[in-house]
1. Could you check GLY227 against (1) under 20 Å from the mean Cα position of the chain (by Cα); (2) over 19 Å from ASN90 (Cβ atoms); (3) of a type in the set (Gly, Ala, Ser) and say which number it fails?
2. Please find, within segment 201-244, the residue that is farthest from GLN167 (Cα to Cα) out of those that are of a type in the set (Gly, Ala, Ser) and part of a helix (DSSP H, G or I).
3. Would you point out the residue of segment 152-190, among those that are in a helix (DSSP H, G or I) and charged (D, E, K, R), that is modelled with the lowest pLDDT?
4. Of the conditions (1) within 19 Å of LYS111 (Cα to Cα); (2) free of Cβ contacts under 8 Å to residues at least 60 places away in the same chain; (3) of a type in the set (A, V, I, L, M, F, W, C), LEU217 fails just one. Which one is it?
5. Confirm whether LYS179 is of a type in the set (Lys, Arg) and touching a residue at least 40 places away in the same chain (Cβ under 8 Å).
6. What is the residue count in segment 1-43 for residues that are among the hydrophobic types (A, V, I, L, M, F, W, C), out of contact with any Asp or Glu (no Cβ under 8 Å at 6 or more places or on another chain), in contact (Cβ under 8 Å) with a residue 40 or more places away in the chain and assigned to a loop (DSSP other than H, G, I, E, B)?
7. With a cut-off of at least 3 residues that are under 15 Å from ARG150 (Cβ atoms), name the strands (runs of 3 or more DSSP E) lying wholly within segment 264-303.
8. Looking at segment 104-112, is at least one residue closer than 12 Å to LEU360 by Cβ and buried (at least 18 other Cβ atoms within 10 Å of the Cβ)?
Amino acid sequence: MAIRKLRMGMIGGGFGSFIGDVHRKAASIDGMIELVCGAFSSSAEKSKASGKALFLPEERCYGSFEEMIYRENELPDDEKMDFVAIVTPNHMHFPPAKMALEHGFHVLCDKPMTLTLDEAYQLVDIVKDSGKLFALTHNYTGYPMVKQARALVARGDLGNIRKIQVQYLQGWMSTAVEKTENKQASWRVDPKKSGIGGALGDIGTHAENLVEYITGLKIVELAADLGRFGKGRILDDDGNVLLRMHNGAKGTMSISQIALGEENNLAIKVYGDRGSLEWHQENPNKLVTHWLDKPVKVYTPNGNDLYPEALESSRIPAGHPEGYLEAFATIYKNFASHVLAVLNDEHDSKFDYPTVDDGLRGMQFIYASVESDKANASWTKLS
């Protein structure tokens, strides 16, 4: 591995951005990355002010992402950014990702990957043609117990997977928060900025990704019944989806942002013919398993009988809570390790993080769900 920190640029994430601060903290946790430049806002003035507040050199605080990519590309190799983190609303994912990749920079991007399915297909080709790396922040895959769950399924411990239940329930949009000064809500209800999915894109793609990540199974067909309970909302804020997996397993998904009283209730249950597992994001350090022929077993980070995949993502001693930021940091750590491997011409290395292909799956899920809902919850294939 190269003995230096990777240099990160950031697009979005300026004043008033919740997720920008999350990215910066997550990127710094393992000491592998430093923020060196940014275009933090669509307003040049706000962007430069945000960069100044982050103690960046004035000449590395840019007024637009186009200016940043052009000028960073002109810098010497030992100064320019190595990759860019895109932490903008959905409609501003594809343009900077495309430009960065085509100018030779690796990209890490928030989900959903693009505004439209067509953009997602284009981005898959752009990543392939560029030869650069692309990571997507499905951060819940970074929890040690999620990686343990995946390893249990992959090694066949649970036997043949038969049934999956997943939910992602929030209540923060139970009232018309988008009509207040809540910036996080206002763009999420706007199809021009969010795309054709509301809760589908914001949290449904996390649920979809968690199902496919843990089980290793693809959703081939779904039937979606979506709700739009907020007065005047065009996009979904609630939904129930039936799933058919490629091995014949059945699944159910419940998503909501109007489930009053819920905070961030992401949970999954996976049932095989030899065992089952259950994981809750709000209690992330416990993975509960049930078995056909042995007692209930609860796994915890750094506990006994963990597979290497889980141990490698645990940072602190047993009994100390690892949470959202650490899981987010795991995505950054694994992506950064891959970038460093590429810089050292170690192209055969394998690293576990969501890629452009996962981003395409998320967009296919959104579009299939909307299509199904329009057809009275008819069964619809993921294209």
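1. (1)
2. Quick first cut of segment 201-244, residues of a type in the set (Gly, Ala, Ser) only: 201, 204, 207, 216, 223-224, 227, 230, 232, 239.
Restricting the remaining residues to those that are part of a helix (DSSP H, G or I) gives 201, 204, 207.
Details: GLY201: 14, GLY204: 9, ALA207: 7 Å.
Filtering segment 201-244 for residues that are of a type in the set (Gly, Ala, Ser) and part of a helix (DSSP H, G or I), the one farthest from GLN167 (Cα to Cα) comes out as GLY201.
3. Let us first name the residues in segment 152-190 that are in a helix (DSSP H, G or I), namely 152-154, 177-179, 183-188.
Of the ones still in play, those that are also charged (D, E, K, R) are 178-179, 183, 188.
Values: GLU178: 94, LYS179: 92, LYS183: 86, ARG188: 95.
By that ranking, first place goes to LYS183.
4. The one condition LEU217 does not meet is (1).
5. Numbers: of a type in the set (Lys, Arg): yes; touching a residue at least 40 places away in the same chain (Cβ under 8 Å): no.
Judged against the criteria, LYS179 is not a match.
6. 3
7. Working: elements: 265-272, 275-280, 287-291, 297-299.
Filter on segment 264-303 gives 265-272, 275-280.
8. Going through segment 104-112, the residues closer than 12 Å to LEU360 by Cβ turn out to be 111-112.
Subset that is buried (at least 18 other Cβ atoms within 10 Å of the Cβ): 111-112.
There is at least one residue in segment 104-112 that is closer than 12 Å to LEU360 by Cβ and buried (at least 18 other Cβ atoms within 10 Å of the Cβ).
The values are calculated or read from the model by the stated rules, or taken from the named source; none is laboratory data. The structure displayed is predicted, hence computed values, not measured ones. Cβ atoms come from the backbone with ideal geometry, glycine included; neighbour counts cover every protein chain shown.
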